[in-house]
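The structure under discussion appears below in the form of structure tokens.
The values are calculated or read from the model by the stated rules, or taken from the named source; none is laboratory data. These numbers were taken from a predicted model, which means no experiment stands behind them. Quick reminder, even Gly has a Cβ in these numbers, built from the backbone with ideal geometry, and neighbours come from all protein chains shown.
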Amino acid sequence: MKILLVTPGMQSPWVDGRITSLLALSEALAARDVSVEVLTTGPQDQGQRQYCEKGVRYQVLPGGSKGNWLKMLQCFWRLAKKDRVDQVVYRPFSGFNSVNIVSVFSLWMLSLLRRVPFNLSLWSGPQQLLKVPWLFSTIMVSSKVDVASSRVVPIRPLVEMAPVVSPSWDANPLKQYGFAEEDRVCLFTYCGKLNVDSLWRYTLERRGLGDLIAAAAQLKDIPDLKFLVSIPVLATREGRERLLDLLRAAGIEDRFVLTPAIDNLAEVLSAVDTYLYPVNIEEPSWAPISMLEALACDTPVITTSTPIIREFMSSEEVLMYEPGRADQLSDLIRLVLDDCAEVSGRTARGRAKVAALNSSSGVAEQILAVLDRSSTLCPNNSR
């Protein structure tokens, strides 16, 4: 089988669950002797690049403009013709906007002309596409959606992030962020890139950074407790100062280390004391990728007791609190720092659950079976 995966913005560093899960899927399919080519976009100021990594061929085009978007469509048309693609899988950006809609309909039309099945891999993308399932041979969703269509298939996200054996302090990845050996470190990550009011409201309220700041203010009595926060918008001076203002107001700026990106995420996840995932999100076909990646690295997770989190994990595998209850969050951080058997037991069960339900052996085979079926749903696939 020859698969062409099309998605915008698949570029390093890998901090976006939409991207990390698709990257893991691409490599898992290639490991099964599937021909996988990824057509994606990068920064507008970078030229076109082609490279191969772990058996996956990448075509990276500049993004960010109408002209570059047209070049992507031209490249898609050329690849489909040259390589005789068997399946097209499209994963759009999140949100409902003109770029997503025009891209979907353009790629659908080109796939129709090329007589290739056009599949949608929806990870927190524009939910309005679920209203037109007839556009796609198959719609693969990450979590439950309220759509009655035989074309909609739930497939758990693939997570491949091997835990790393705890190194000596000399080789510990936390040193690069200025932490001391005795520090107890909690990690928070989010992929927000735009320094606008709406992003900060979303980060504070929906991503739970507000809960984290309030909880940290209640933990001042623990002198060696530190927080590592990674958000791409922190690469800008204005974005960094915006967050620092909140930390200064709470009197805890000395407890936080801020960085725009973490390149060695698996190593850092394995080195921190806990991963904080205080989300308050209810989006169809969304998946808590970062939470699953942390568990795969054998790292305790503190998250919220929201329905979508419970779809993937229970209180038997992760520590849960009620969104908005910073007092509960601070209590759970104290519990993790106590190194109790209760926490390690939960984490072990969570890691085993990720290995059983989100590993490449199961997810990749399920997707191949779904794509085989999609060929029969698409009469235009006859050659």
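I139 falls short on exactly one of the conditions (1) over 30 Å from L335 (Cα atoms); (2) surrounded by fewer than 18 Cβ atoms within 10 Å (Cβ to Cβ); (3) touching a Lys or Arg at 6+ places or on another chain (Cβ under 8 Å), and that condition is (2). Of the residues in segment 166-181, none is within 29 Å of S121 (Cα to Cα) and either outside the structural domain of L29 (by TED's automatic domain parsing) or not β-branched (V, I, T) (or both).
All conditions in (1) touching a residue at least 40 places away in the same chain (Cβ under 8 Å); (2) surrounded by fewer than 21 Cβ atoms within 10 Å (Cβ to Cβ) hold for S285, with the sole exception of (2). Assessment of segment 247-260 against the conditions (at positive phi and not in a helix (DSSP H, G or I)) yields at least one matching residue. Within the bounds of segment 303-313, is there any residue that is of a type outside the set (K, R), in contact (Cβ under 8 Å) with a residue 12 or more places away in the chain and under 28 Å from G178 (Cα atoms)? Within segment 303-313 (the criterion being of a type outside the set (K, R), in contact (Cβ under 8 Å) with a residue 12 or more places away in the chain and under 28 Å from G178 (Cα atoms)), the answer is yes, since at least one residue qualifies. The residue that is modelled with the lowest pLDDT, among those in segment 336-363 that are aliphatic (A, V, I, L, M) and more than 17 Å from E293 (Cβ to Cβ), is A341.
This table checks each residue for (1) within 18 Å of C186 (Cβ to Cβ); (2) buried (at least 17 other Cβ atoms within 10 Å of the Cβ); (3) in contact with a His (Cβ under 7 Å, 6 or more places away or on another chain).
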residue	(1), (2), (3)
L228	yes, yes, no
L258	yes, yes, no
R310	no, no, no
M313	no, yes, no
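Out of everything in segment 169-200 that is assigned to a loop (DSSP other than H, G, I, E, B) and aliphatic (A, V, I, L, M), what residue ends up being nearest to F227 (Cα to Cα)? Of everything passing the filter in segment 169-200, A180 is nearest to F227 (Cα to Cα).
The residues on offer are I262, I231, and the sole one that is in contact with a Phe, Trp or Tyr (Cβ under 7 Å, 6 or more places away or on another chain) and at pLDDT below 95 is I231. Taking the numbered list (1) out of contact with any Lys or Arg (no Cβ under 9 Å at 6 or more places or on another chain); (2) in a helix (DSSP H, G or I) in turn, K144 passes all entries but (2). Evaluating D211 against the criteria (1) in contact with a Pro (Cβ under 7 Å, 6 or more places away or on another chain); (2) outside any helix (DSSP H, G or I); (3) of a type in the set (D, E, K, R) leaves one unmet condition, (2).
Contact annotation: no residue pair with Cβ atoms under 8 Å, 6 or more positions apart or on different chains, pairs a residue in segment 344-357 that is surrounded by 14 or more Cβ atoms within 10 Å (Cβ to Cβ) with a partner that is among the polar types (S, T, N, Q) and assigned to a helix (DSSP H, G or I). Scanning segment 309-336 for residues that are in a helix (DSSP H, G or I), within 20 Å of L204 (Cα to Cα) and either aliphatic (A, V, I, L, M) or not assigned by TED's automatic domain parsing to the domain that holds M291 (or both) gives I309, A326, L329, L332, I333.
Against the definition (surrounded by 18 or more Cβ atoms within 10 Å (Cβ to Cβ) and more than 24 Å from M10 (Cα to Cα)), how does L212 come out, yes or no? It is true that L212 is surrounded by 18 or more Cβ atoms within 10 Å (Cβ to Cβ) and more than 24 Å from M10 (Cα to Cα). Within segment 218-243, the set of residues being assigned to a helix (DSSP H, G or I) and either in contact (Cβ under 8 Å) with a residue 40 or more places away in the chain or of a type outside the set (G, A, S) (or both) comprises P232, V233, L234, R237, E238, G239, R240, E241, R242, L243. With respect to being of a type in the set (A, V, I, L, M, F, W, C), in contact with a helix residue (DSSP H, G or I) (Cβ under 8 Å, 6 or more places away or on another chain) and under 26 Å from L25 (Cα atoms), V233 falls outside the description.
Looking across segment 171-192, the residues that are buried (at least 16 other Cβ atoms within 10 Å of the Cβ), out of contact with any Ser or Thr (no Cβ under 6 Å at 6 or more places or on another chain) and more than 17 Å from L244 (Cβ to Cβ) come down to N172, P173, L174, F179, D183, R184, V185, L187, C191.
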